[in-house]
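Peer 1: Dropping a structure here in structure tokens format, bear with me for questions.
The values are calculated or read from the model by the stated rules, or taken from the named source; none is laboratory data. Please read these numbers as outputs of a predicted model, since none were measured by experiment. Here Cβ is always computed from backbone atoms with ideal geometry, including for glycine, and neighbour counts include all displayed protein chains. Side chains are part of the model used for accessible areas, which takes the heavy atoms of the whole protein and leaves out ligands, DNA and RNA. Shrake-Rupley method; radii C 1.70, N 1.55, O 1.52, S 1.80 Å.
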Amino acid sequence: MSSAFLGFPTPPPRAPYATGHLRGDQSFPEAAHTALDDTQQRRNLGKATATIRGKRDQVADELPDWEELRSAGSALKADVLARLPELLERFEREVTERGGVVHWARDADEANEIVTRLVADKDSDEVLKVKSMATQEIGLNEHLGSAGISPVETDLAELIVQLGADRPSHILVPAIHRNRAEIRDIFLREMPGVDPNLDDDPVRLAEEARKYLRSKFMSTRVAISGANFGVADTGTLSVVESEGNGRMCLTMPETLITVMGIEKLVPSFTDLEVFLQLLPRSSTGERMNPYTSMWTGVTEGDGPEEFHLVLLDNGRSATLADGVGREALQCIRCSACLNVCPVYERTGGKAYGSTYPGPIGAVLTPQLAGMHESRDDPNASLPYASSLCGACYDVCPVKIDIPSLLVELRHQHVEQSRYTAEAAMMRASSLAMSSAKRFTKAQRASRLGRVLGGADGRISALPPPLNAWTSARDLPAPPKRTFREWWDSEDGREAVRAARREAERGES
Amino acid sequence: MRVALFATCLGDTLFPEAVKATAVLLTRLGQEVVFPPGQTCCGQMHVNTGYQADALPLVRNYTADFADESIDAVVAPSGSCVGSIRHQHEIVAERYGDRSLRERVERAGAKTYELSEFLVDVLGVTDVGARFPHRVTYHPTCHSLRMLRVGDKPLRLLEQVREIDLVELPRAEECCGFGGTFALKNSETSTAMLSDKMRAVTTTGAEFCSAGDSSCLMHIGGGLSRLRTGTGTVHLAEILASTEQRFRSEEEVSA
Ligand code: SF4
């Protein structure tokens, strides 16, 4: 290295501990315990994820170049991450030249303050919200609320969650854990001016929501959106959605504020071609999403008069600094990994305690917000919330190797939390298995376990921590002889001789 | 070919029948089977739980036995251990090892095969002359499926078995919920996944659920046994090694 040493390097900051939704207050196993007991939610989730999985498989299979598209998407995103500073500066320049105002927010607190100030400057006490993961990540709605500003979610599912004073359970379908009867009850209880005879027909439910939102679109002057993509070359922003409510927010109000994570860039406009194929097929199982909105700066007499872009770090630079873990920043939030995840399917999204649930959440959340901010940080349990089955890797449209990232984060966790009982056990077992001599000794000792087996040779109760196994599963008692003992015995030699004779007979 | 058997720590200690079957089967198919006695464990549990430093001695030990040039191939009756050897040993060696370890890891990894891969890809056989007159359903196991991409090789082998009644497992490709220490750390979620797998197995009416991994079978079998379902588990290798003189030994029956 040729550059001069300028003092201690400052690690980039993680997302703040107390602000936003990047940390639950329970560890994953604790939160999962509650979720697993919720039979209604289990059924809702099982049904919804199975349906969407089937649709995704069908439309992905349709494209003969699907694998090439995935490779292209992955390579594009890797390139963006490799030269992020340069692309961001380019992007800022382009947005500014086209009449937008760019704000940089180091973390959730800064972003919340910037947005709230911008809204207050407009003397507005109500803002429209386009469904956005970034604003949810930083807890913008809560912050606006504390400043006396009411945010109105306009995405139908997001609205259901908001009215139900609930937390979202899925990136794409935040109310996936609710069925229509529950939604009807929420509307009747919380939606002003709703028809008291409302039934649970989805068409009727959508109609009531539309009526409610229409009145908001007509009267609200400020809207806040996220962004699916920012195009560095042209300063263009894009939101893709299914209902068209987002488009209303992007065009009707006088002021538009977009909060975008700094990793959401693509280099050029033509790159959108790749992602606009990958995203809808992976997320909703549609060939194309119904509404793709794009805007570049401001245009007199058309759309918002003022456009502000808040570029959000909130732990992204820290994630980028991790040579292995940074791959998680390639995510385009399609939610395909959630829909195939057998763990997510059983526990739902809330068990992850974060805006980002499921497999991607398990690798992204601990990186953005850290996992050692306190003793027993709930985020430290997230990398373990996976059986490493690998289904997520197979569907990810940008080929994020989530299982390997999980293993890497587990390694990082262990490196930072030495001297636990588990670490002692792992060390001991490593030692016992580092040579055959010690291993065979340990095997002989384990055979004492035979006494735990009943007459039928199964073990049904073990002491902690192995009782976590026997709570639901038997374990066979160790057999009388290990394989290597058999191999070295006369029986073993005779079995091999007999097999060899058979081989010779077969050949002759 | 000189084929070294990798018994795996679990196979050697708890499920020797699957390893015996592998040894006998490969010998019967004309291979010279050896068992390097220095072998122990691939270190998968350590890597997957985050203890890569503790996996290092095990990676060293594995390569000490199996990188040897006198060995043409290594075969293990375990998709997940082979997956770990091929994909995770490199990570560990890269992080902690020297150049010579990295080379040995590469050499050993490149010739280590899961049983069905070895039979179909290397030996080019699908009919191993087995007979297994039972109703069987097959669980493909995640690591065989997604880390090794064995595809339908196990099924192609099973389809050739005489008198077998092979029935399709609903939602076969879904994880059984084992996941190594996941089964302990998230035992409730693991159990929920297991319940669905067991339901799928029992709806097939199979006498046995088979797989290429003793670890997954320990999980599924442990659940089936706890619920007294009357459905058993059997390793793929045991089916393939079964012949007219039924292979499974008296020892196993009397255990
Ligand atoms: S990690 Fe991949 S599959 Fe999961 S949400 Fe992100 S892009 Fe989609």
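Peer 1: Which of the chymotrypsin sites (Phe, Trp or Tyr not before Pro) across segment A:364-436 are loop residues per DSSP, with 13 or fewer other Cβ within 10 Å?
Peer 2: A:Y419
Peer 1: Follow-up question, since we're still on this one. Using the basic label-point model (7 angstrom from Cα toward the beta carbon), what is the A:E286 to A:A445 distance in nanometres?
Peer 2: Rounded to a tenth, the inter-label distance reads 6.1 nm.
Peer 1: Given Cα pairs under 8 Å that are at least 6 residues apart, what percent is the relative contact order of chain A?
Peer 2: Reported relative contact order: 21 percent.
Peer 1: Shifting gears a bit: Go ahead and run the numbers for FRET between A:Q26 and A:K47, Cβ-Cβ distance against an R0 of 25 Å, rounding to 0.05.
Peer 2: 0.45
Peer 1: Could you tell me which of A:L76, A:G99, A:I114 has its Cα farthest along the dipole of segment A:67-142 towards the positive end, charges placed at Cβ (Lys, Arg +1; Asp, Glu -1), taken about the Cα centre?
Peer 2: A:L76
Peer 1: If you don't mind, there's one more thing I want to ask. Work out which trypsin sites (Lys or Arg not before Pro) in chain B are exposed loop sites (DSSP not H, G, I, E or B, at most 10 other Cβ within 10 Å) and give the longest gap free of them.
Peer 2: B:1-148
Peer 1: A follow-up question, please. Mind checking the angle between helix A:84-97 and chain A's longest principal axis? C-alpha axes, 0 to 90 degrees, to the nearest 10.
Peer 2: On a 0 to 90 degree scale, this one is about 10.
Peer 1: A further question on this structure: Throw me the Rg/Rh for segment A:183-235, computed over C-alpha atoms with Kirkwood Rh, two decimals.
Peer 2: 1.20
Peer 1: Equivalent ellipsoid semi-axes for segment A:403-488, as square roots of 5 times the alpha carbon gyration tensor eigenvalues: give them largest first, rounded to whole Å.
Peer 2: Rounded to whole Å, the semi-axes are 28, 19, 12.
Peer 1: Just to confirm my understanding: which cysteines in chain A have no other cysteine beta carbon less than 4.7 Å from their beta carbon?
Peer 2: Taking the Cβ cut-off of 4.7 Å, the unpaired cysteines of chain A are A:C249, A:C331, A:C334, A:C341, A:C396.
Peer 1: Non-local amide H neighbours of B:G50 (under 5 Å, H modeled in plane, Pro and chain starts lacking H): which ones?
Peer 2: Distant-sequence amide H within range of B:G50: zero hits.
Peer 1: Here is a further query. Report the net charge of residues surrounding A:C396, where surrounding means a beta-carbon distance below 13 angstrom and charges are Lys +1, Arg +1, Asp -1, Glu -1.
Peer 2: +3
Peer 1: In chain A, what is the volume of the convex hull around the alpha carbon atoms, normalised per residue and reported in Å³?
Peer 2: Convex hull volume per residue, Cα atoms: 237 Å³.
Peer 1: What is the percent carbon and sulfur in the accessible area of chain A, measuring with a 1.4 Å probe over the protein chains and ignoring ligands?
Peer 2: 53
Peer 1: When the convex hull of the C-alpha atoms of segment B:15-128 is computed, what volume per residue in Å³ does it have?
Peer 2: Per residue, the Cα convex hull of segment B:15-128 comes to 99 Å³.
Peer 1: In peptide B:27-33, how many Cβ atoms from other protein chains are near each Cβ within 10 Å, on average?
Peer 2: Whole-number average of other-chain Cβ neighbours for B:27-33 is 5.
Peer 1: OK, next. Accessible area lost on pairing B with A, both sides, 1.4 Å probe, Å² to nearest 100?
Peer 2: It comes to approximately 6100 Å² buried between B and A.
Peer 1: Taking amide H positions as placed 1.01 Å from N in the peptide plane, with prolines and chain starts having none, which residues 5 or more places from A:V101, or on another chain, fall under 5 Å of its amide H?
Peer 2: HN-HN under 5 Å from A:V101: A:F307, A:H308, A:L309.
Peer 1: Then there is this: With every protein chain kept in place and ligands, DNA and RNA left out, what is the accessible area per residue of chain A? Probe 1.4 Å, answer in Å².
Peer 2: Spelled out: the 1.4 Å probe surface of chain A, per residue, equals 44 Å².
Peer 1: Ok, one more. Suppose every Lys and Arg Cβ carries +1 and every Asp and Glu Cβ carries -1, with no other charges. What dipole size does the protein assembly as shown come out with about its Cα centre, to the nearest 20 debye?
Peer 2: So the dipole magnitude of the protein assembly as shown works out to roughly 2340 debye.
Peer 1: How charged is the neighbourhood of B:L157? Take every other residue with its Cβ under 13 Å from the Cβ of B:L157, and add Lys/Arg as +1 and Asp/Glu as -1.
Peer 2: Here the count lands on -4.
Peer 1: Right, something else. On the protein heavy atoms, probe 1.4 angstrom, tell me the percent of accessible surface of segment B:19-78 carried by carbon and sulfur.
Peer 2: The nonpolar share, carbon plus sulfur, comes to 51 percent.
Peer 1: OK, next. A:T10 to B:V34: FRET efficiency via 1/(1 + (r/R0)^6), r the Cβ-Cβ distance, R0 56 Å, to the nearest 0.05?
Peer 2: Efficiency, rounded to the nearest 0.05: 0.50.
Peer 1: Work out Dmax and Rg for segment A:394-434 from the C-alpha atoms and quote the Rg first, both in angstrom.
Peer 2: Computed over the Cα atoms of segment A:394-434, radius of gyration and Dmax are 14.5, 42 Å.
Peer 1: Show me, for segment A:12-19, the HN-Hα J-couplings you get by feeding each phi into the Karplus relation (A = 6.51, B = -1.76, C = 1.60, θ = phi - 60°), rounded to Hz, glycine and proline as x.
Peer 2: Result, rounded to whole Hz: x, x, 7, 4, x, 5, 8, 9.
Peer 1: Another question, if that's okay. Can you give the Rg to Rh ratio of chain B, both from alpha-carbon atoms, with Rh computed by the Kirkwood formula?
Peer 2: Rg/Rh for chain B comes to 0.96.
Peer 1: Return the long-range amide H neighbours of A:M371 (sequence gap of 5 or more, or a different chain), with a cut-off of under 5 Å between placed amide H atoms.
Peer 2: Under 5 Å from the amide H of A:M371 lies no amide H from a residue far enough along the sequence or on another chain.
Peer 1: Chain A: longest stretch without exposed trypsin sites (Lys or Arg not before Pro) (DSSP loop, at most 14 other Cβ within 10 Å), sites themselves excluded?
Peer 2: Segment A:84-286 is the longest.
Peer 1: How far, in degrees from 0 to 90, does helix A:202-219 lean away from the longest principal axis of the Cα atoms of chain A, to the nearest 10?
Peer 2: That works out to roughly 40 degrees.
Peer 1: What are the semi-axes of the equivalent ellipsoid for segment A:201-347, taken as the square roots of 5 times the Cα gyration tensor eigenvalues, largest first, in whole Å?
Peer 2: The equivalent ellipsoid of segment A:201-347 has semi-axes of 27, 23, 15 Å.
Peer 1: Please give the per residue volume of the convex hull enclosing the alpha carbon atoms of segment A:224-289, rounded to a whole number of Å³.
Peer 2: About 90 Å³ per residue, rounded to a whole number.
Peer 1: Sticking with this structure for a sec: How much net charge surrounds B:L58 when only other residues with a Cβ under 13 Å from its Cβ are counted (Lys, Arg +1; Asp, Glu -1)?
Peer 2: The answer is +1.
Peer 1: Something else now. So which residues of segment A:379-396 lose at least 30 Å² of accessible area, probe 1.4 Å, when you go from the chain by itself to every protein chain present?
Peer 2: Those are A:Y384, A:S387, A:L388, A:C389, A:D394, which lose 30 Å² or more relative to the chain on its own.
Peer 1: Next question, about the same structure. Which GluC sites (Glu not before Pro) in segment B:90-199 sit in a loop by DSSP (not H, G, I, E or B) and have at most 15 other Cβ atoms within 10 Å of their own Cβ?
Peer 2: Passing both the DSSP loop test and the Cβ count: B:E163, B:E168, B:E173.
Peer 1: Further question: How many Cβ atoms of partner chains, on average, are near each residue of A:424-430 if near means within 10 Å of its Cβ?
Peer 2: 5
Peer 1: Follow-up. For B:A64 and B:R156, compute 0.36 nm times the residue count separating them, minus their Cα-Cα distance, and round to one decimal in nm.
Peer 2: In short, 29.7 nm is gained.
Peer 1: Return the percentage of antiparallel bridges among DSSP beta bridges fully within the protein assembly as shown, rounded to the nearest 5 %.
Peer 2: Expressed as a percentage, antiparallel bridges in the protein assembly as shown total about 25.
Peer 1: Mind giving me the FRET efficiency for A:S489 and B:E94? R0 is 41 Å, r the Cβ-Cβ distance, nearest 0.05 is fine.
Peer 2: 0.55
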